[in-house]
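Step one of this worksheet: look at the structure below.
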Amino acid sequence: MHAWRASLPMYNLPEMRAENAAFWAALRAELGTDGMTNLPAELSFDRPPVPGAIEAENLFTQVCGYPLQTIFCGQARLLGVPTYAVEHCAPGRHAAVFIVHRDAPYRDLADLKGADFVFNSPHSNSGMNLPRLALARLGARAPFFGSIRETHSHPANVERVAKGEADATCVDNVTYAFMARHRPWVGERTRILAATPSTPAIPFVTAVTTPEPVVAALQAALMRVGREARWAEARAGLMITDILPPEHADYPEQIRYEGEAAMLGYPEFR
């Protein structure tokens, strides 16, 4: 039997540990009513948003949908798709937002040509894939930015823009909402320049090796946490209003966006 591991690395500011722990406690309670034992007592908070792999011990985690189609292809099973009470979200969908300093002169995306841009990872949908598409649809061609730096952190990038250490970044809109909630100084010093096209929200997943009865129990428990009134507070802490079954999301859409950007002449983000 696996020594299971559970983590929520996507929206995991240190200030959010209590909210993430409450969500896991709700899911753990629901799984317990289904007779599941040997569950992790607590979440692991040290897992990076883009890990090396989705290992067999990953009972429950959240992984960006773009690497699920690329570097993690075949490593995970989808459990559910969250809906967030955040601007630019729709049921089961989210977007990325270009962030600039509140006092910056930029008025539209074309103004970012030649800017100093920071992004988290080439494997990120909101940090690379979606902004690439948005710029490609404008007719942008590489190199578009004056400089571009990979940093491995959405929150740190928003703070860099807030401090004037970078001109712009593009982050998941839910990440930006949590930054504004928990670090209001960041929201006061930055603004959304534009939103990208939307894609399915970042899903909850389990390892592909998780036994089928456990997958079914996870999916059922997650739907109850996402919808039952008694878990409303646990959902609200993470701005979740609903959790949809995985069949409501078309994650290959993110790969189609990659192909569209290439077809439009912007295959490499730089």
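The values are calculated or read from the model by the stated rules, or taken from the named source; none is laboratory data. Everything quoted here is computed from the prediction, not taken from an experiment. A quick note on method: Cβ atoms are made from the backbone with ideal geometry, for glycine too, and the neighbour counts reach across all protein chains shown.
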Out of 152, 94, 88, 123, sole residue that is buried (at least 21 other Cβ atoms within 10 Å of the Cβ) and either β-branched (Val, Ile, Thr) or under 27 Å from residue 24 (Cα atoms) (or both): 94
Every residue from segment 23-68 that is buried (at least 17 other Cβ atoms within 10 Å of the Cβ), under 17 Å from residue 239 (Cα atoms) and more than 17 Å from the chain's Cα centre (by Cα): 24, 26, 27
Condition met for residue 134 (in a helix (DSSP H, G or I), touching a residue at least 40 places away in the same chain (Cβ under 8 Å) and in contact with a Ser or Thr (Cβ under 6 Å, 6 or more places away or on another chain)): yes
Pairs, first outside the structural domain of residue 178 (by TED's automatic domain parsing) and among the hydrophobic types (A, V, I, L, M, F, W, C) in segment 18-34, second in a helix (DSSP H, G or I) and surrounded by fewer than 20 Cβ atoms within 10 Å (Cβ to Cβ), C-beta under 7 Å, six or more apart: 22/237; 23/237; 31/217
Residues being closer than 20 Å to residue 230 by Cβ and of a type in the set (Phe, Trp, Tyr) - total across segment 22-76: 3
Residue ranges of strands (runs of 3 or more DSSP E) in segment 20-109 with at least 3 members at pLDDT 95 or above and over 25 Å from residue 211 (Cβ atoms): 96-101
Qualifying residue in segment 241-250 (condition: out of contact with any helix residue (DSSP H, G or I) (no Cβ under 6 Å at 6 or more places or on another chain), without any contact (Cβ under 8 Å) to a residue 40 or more places away in the chain, surrounded by fewer than 16 Cβ atoms within 10 Å (Cβ to Cβ) and closer than 20 Å to residue 35 by Cα): no
Residue in segment 255-267 that is closer than 21 Å to residue 69 by Cα, hydrophobic (A, V, I, L, M, F, W, C) and at pLDDT below 95 present: no
Index of the failed condition, residue 160 passing every other in (1) in the same structural domain as residue 189 (by TED's automatic domain parsing); (2) assigned to a helix (DSSP H, G or I); (3) buried (at least 24 other Cβ atoms within 10 Å of the Cβ): (3)
